[in-house]
Amino acid sequence: MQKTEKKEKYRALITGITGQDGSYLAEFLLSKGYEVYGIVRRSSTETFERIAHIQEKITLIQADLTDQVSVIEALQVANPHEVYNLAAQSFVPTSWKQPILTGDVTALGVTRVLEAIRVINPKIRFYQASSSEMFGKVKETPQTESTPFHPRSPYGVAKVYGHMITVNYRESYDIFACSGILFNHESPRRGLEFVTRKITHGVACIVHGLKKELFLGNLDAKRDWGFAGDYVEAMWLMLQQESPDDYVIASEETHSVREFCEIAFAHVGLDWENYVRTDKKFYRPAEVNLLLGDCSKAKAKLGWKKKHSFSDLVQLMVEADLKFVEKHLDELKA
């Protein structure tokens, strides 16, 4: 018998599989020999663009985190060893416009998944996608697993609930439940509404003559930005440990939106100051000015470390958007 042969193929269920993190995680798990299932909502606007290249290798199940029965049925169909909860209303500005929906999906949705695990099979290992936005108005810098939370948006508040209910189920029902407190992580698969992708897509549009200016909000806001493809490995590593715990995953560097612009425009030989304009309508009602993570625990216990630098990330995204805009030039001109 070959050493690589397993008695049973590991099965994983991913909520939010059509998103940035879900698509990278699905790729990663497939490379590890997993049987991958993904939850998708029945929606006229749902896009499978990020997983189109692997769609034949995964099994998609229709369910919704706002509907308990559908979540239970999804677990029964997939019968997973591991569940990764990446689904959320994840765009911070939208959380002010739709705070109740954000709470229902991003907060209570976590409870529905955990309840389904408790009822169906409490031996399932569970990963919750927590967020650095939980720290909000930070009490200390850098932020660690023990830094107090002070969220500054309905999204951040909902994520704190999701995080704490995960801890609660771990302690109350002895479920192997972990939270990854991930700081900002970007990629070419990031949605166009996020500032990083707005910048790199904007640069590509300017290069191709589709735009003359790029309007942004607070250029002084600082974030700890990493590459999403690096961060999904940390999610998997958390569920391979002997005991469940929570971990900060970060690049351990902080950079401003202004710095992001500088590198992005410089990559195509342009001076950002000639093109970037600020507009108050893009400012948050309550800003999170500085987020910086300390992932010493993850490095020591998980053996995880980032593979891409901040500059690598920005240039990777610019290159991808230059190709994207060139490919869709005719429809973008229309």
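The values are calculated or read from the model by the stated rules, or taken from the named source; none is laboratory data. Being a predicted model, the structure only gives us computed values, none of them experimental. Cβ coordinates were reconstructed from backbone atoms using ideal geometry, including for glycine residues, and neighbour counts include every protein chain displayed. Just the protein is used for accessible areas: all its heavy atoms, side chains included, with ligands, DNA and RNA removed. Shrake-Rupley method; radii C 1.70, N 1.55, O 1.52, S 1.80 Å.
Check whether at least one residue in segment 267-277 is touching a residue at least 24 places away in the same chain (Cβ under 8 Å), within 28 Å of Ser153 (Cα to Cα) and not hydrophobic (A, V, I, L, M, F, W, C), and report yes or no. Taking every residue of segment 267-277 in turn, at least one turns out to be touching a residue at least 24 places away in the same chain (Cβ under 8 Å), within 28 Å of Ser153 (Cα to Cα) and not hydrophobic (A, V, I, L, M, F, W, C).
Here's the yes/no breakdown for (1) over 30 Å from Ala221 (Cα atoms); (2) charged (D, E, K, R); (3) modelled with pLDDT under 95:
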{"residue": "Ala63", "(1), (2), (3)": "yes, no, no"}
{"residue": "Ala88", "(1), (2), (3)": "no, no, yes"}
{"residue": "Trp96", "(1), (2), (3)": "no, no, yes"}
{"residue": "Glu115", "(1), (2), (3)": "yes, yes, no"}
{"residue": "Val138", "(1), (2), (3)": "no, no, yes"}
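Could you tell me whether segment 173-187 includes any residue that is of a type in the set (Asp, Glu) and either open to solvent by less than 10 Å² (accessible area, probe 1.4 Å) or within 17 Å of His308 (Cβ to Cβ) (or both)? There is at least one residue in segment 173-187 that is of a type in the set (Asp, Glu) and either open to solvent by less than 10 Å² (accessible area, probe 1.4 Å) or within 17 Å of His308 (Cβ to Cβ) (or both).
Among all positions in segment 106-125, there is no residue which is closer than 16 Å to Gly19 by Cβ, open to solvent by less than 70 Å² (accessible area, probe 1.4 Å), touching a residue at least 24 places away in the same chain (Cβ under 8 Å) and not in a helix (DSSP H, G or I). Annotation note: Cβ proximity below 6 Å between a residue of segment 87-101 that is closer than 19 Å to Ala129 by Cβ and a residue that is of a type outside the set (S, T, N, Q) and open to solvent by 40 Å² or more (accessible area, probe 1.4 Å) (sequence gap 6+ or interchain) occurs for Gln89/Leu101; Phe91/Glu193. Among the residues of segment 309-334, those that are within 30 Å of Val157 (Cα to Cα) and surrounded by 14 or more Cβ atoms within 10 Å (Cβ to Cβ) comprise Phe310, Leu313, Val314, Met317.
For segment 121-147, the set of residues classified as of a type outside the set (Asp, Glu), over 15 Å from the mean Cα position of the chain (by Cα) and within 22 Å of Met238 (Cα to Cα) consists of Asn121, Pro122, Lys123, Ile124, Arg125, Phe126, Phe135, Pro142, Gln143, Thr144, Ser146, Thr147, listed by residue number.
In segment 213-316, counting only strands (runs of 3 or more DSSP E) that sit wholly within it, the ones holding 2 or more residues that are under 28 Å from Ile17 (Cα atoms) span 246-249. Within segment 188-221, the residues that satisfy the criterion of being among the basic types (Lys, Arg) and surrounded by 18 or more Cβ atoms within 10 Å (Cβ to Cβ) are Arg189, Arg190, Arg197, Lys198. Of the set (1) over 29 Å from Trp96 (Cα atoms); (2) under 20 Å from the mean Cα position of the chain (by Cα), all apply to His267 but (2). Does segment 39-46 include one or more residues that are part of a strand (DSSP E or B) and not hydroxyl-bearing (Ser, Thr, Tyr)? Looking through segment 39-46, at least one residue is part of a strand (DSSP E or B) and not hydroxyl-bearing (Ser, Thr, Tyr).
Against the test of being crowded, with 20+ Cβ neighbours inside 10 Å and either of a type outside the set (A, V, I, L, M, F, W, C) or part of a helix (DSSP H, G or I) (or both), the options Ala26, Ala87, Ala52 yield a single qualifying residue, Ala26.
Checked against (1) within 21 Å of Phe215 (Cβ to Cβ); (2) surrounded by 13 or more Cβ atoms within 10 Å (Cβ to Cβ); (3) in contact with a helix residue (DSSP H, G or I) (Cβ under 7 Å, 6 or more places away or on another chain), Phe282 passes all but a single condition, namely (3). Filtering Ala158, Ala63 for residues that are closer than 30 Å to Tyr34 by Cα, among the small types (Gly, Ala, Ser) and crowded, with 17+ Cβ neighbours inside 10 Å leaves a single hit, Ala63.
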